[in-house]
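These notes are about the structure you will find just below.
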Amino acid sequence: MASISKLSASAFANSAASFRGSSQQQPICCGVDPRKRIVIFEKSISSPKLSVRAAQRITGSLVVRCSQANGNGSSVKRTTLHDLYEKEGQSPWYDNLCRPVTDLIPLIESGVRGVTSNPAIFQKAISTSSAYNDQFKKLVQSGHDIETSYWELVVKDIQDACKLFESIYDDTDGGDGYVSVEVSPLLAEDTENTIESAKWLHQWVNRRNVYIKIPATAPCIPSIKEVIANGISINVTLIFSLARYEAVIDAYLDGLEASGLSDLSRVTSVASFFVSRVDSLVDKMLEKIGTPEALDLRGKAANAQAALAFQLYQKKFSGPRWEALVKKGAKKQRLLWASTSVKNPAYPDTLYVAPLVGPDTVSTMPDQALLAFIDHGTVSRTIDANVSEAEGIYNALEKLGIDWGYVGSQLELEGVDSFKKSFDSLLDSLQEKANSLKLISL
């Protein structure tokens, strides 16, 4: 892959001007390795209006069918997702994004109130779908390198999805209706470039209801503070432990206090606390211990820790420090339950959704979890129904030798590594696609 630093500013300007007809684009950032940082072009164009298909009744499952001609249609009746939000104050989001984004319309009508994405989601969407081919051809033919082309594909999806959720954002005064896009996973250990990339990605997407995702790695905790201080709303992802979650909250509060803004109402955030992956690791550790007591705790670690995270959330967003920020319009950094799909088929398919229902929270669900909850989920406040039991499970696991610090660190490493591999895999597949079409030679 060619290095951006080897390309001249005039080459950038020429390739940018040739893309999207007469649109004016000027390079903002250059001189860095494209695999470590994104290159953003300032855009003065407006997004084309999304075309909504004529309504048609869904006869099958409510699943986004990427890049199929007829999409999903848009006639959906009231579901448990509406009750989840209206009765218990939890926002159901969809953990997936692909083209055509208009396939999200029936999901929105069914009660979905936001979208999350990550490098693995885009790797699957772009590498397995023909819906991106036309735009990709135009990009590489106009001189864009592979990674810049990747970001162009991603940003278009994010912008189009933001348009679909705009009315929810407006109706809730910026409380809901967000679409999340993640900075390059290659920056997970790079504080300064994470900050810069978050700024440029936010500027590029240029939508009120976008969340820039930043990983909760130790080097990125200062990034969170700085990006919030710059007035950019973020989704902090890959949180696996209570200790790291508290650091994320503190970074959010520090950022609000450092912002200097008199009105903080438009700077919002969610903290994505991962659930099922915790059980996947802890269950293996319990099986290795092998005692009846250990085996009886399988499938209980994740939700127990999540319940304690909610207690921490309530504690941190109360008291004099928080009240001082509320006077300036600050909004709580909502807890978002991520990794809600069940990895162990022996467990109930709503295991990481139904027990985590609580006010001012978000549950982002991939297809499996979403469909299961719509079909047979029950709506009731469960997140703090039995805090003493959660504390007992958490402490019992510690007594058995489960090191929660190790669990958090190991899962973080695995999560970052997984996203890096997905990112690299997608860039490689795009390079192969470009080579096969004889579009470019790098």
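No value in this document is a laboratory result; all are computed from the given coordinates. No experiment lies behind these values; they were computed from the predicted model shown. Reconstructed Cβ throughout: ideal geometry from the backbone, glycine too, with neighbour counts over all protein chains shown.
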**Item:** Part-to-part distance (alpha-carbon centres) for segment 336-397 and segment 88-154, which is given in Å
**Value:** 26 Å
**Asked** segment 254-389: Rg/Rh from Cα coordinates, Kirkwood Rh?
**Response** 1.06
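Taking the Cα centre of segment 284-401 as origin and charging only Cβ (+1 Lys, Arg; -1 Asp, Glu), how large is the dipole, in debye to the nearest 20? Write out the running numbers ahead of the final one.
On the way: 15 positive and 12 negative charges, 144 e Å.
Roughly 700 debye, rounded to the nearest 20.
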**Request:** Mind computing the radius of gyration and Dmax over the alpha-carbon atoms of segment 86-436? Å is fine for both.
**Result:** 20.0, 64
**Message:** Within 13 Å, Cβ to Cβ, of Asp417, how many net charges do the neighbouring residues add up to if Lys/Arg are +1 and Asp/Glu are -1?
**Reply:** -1
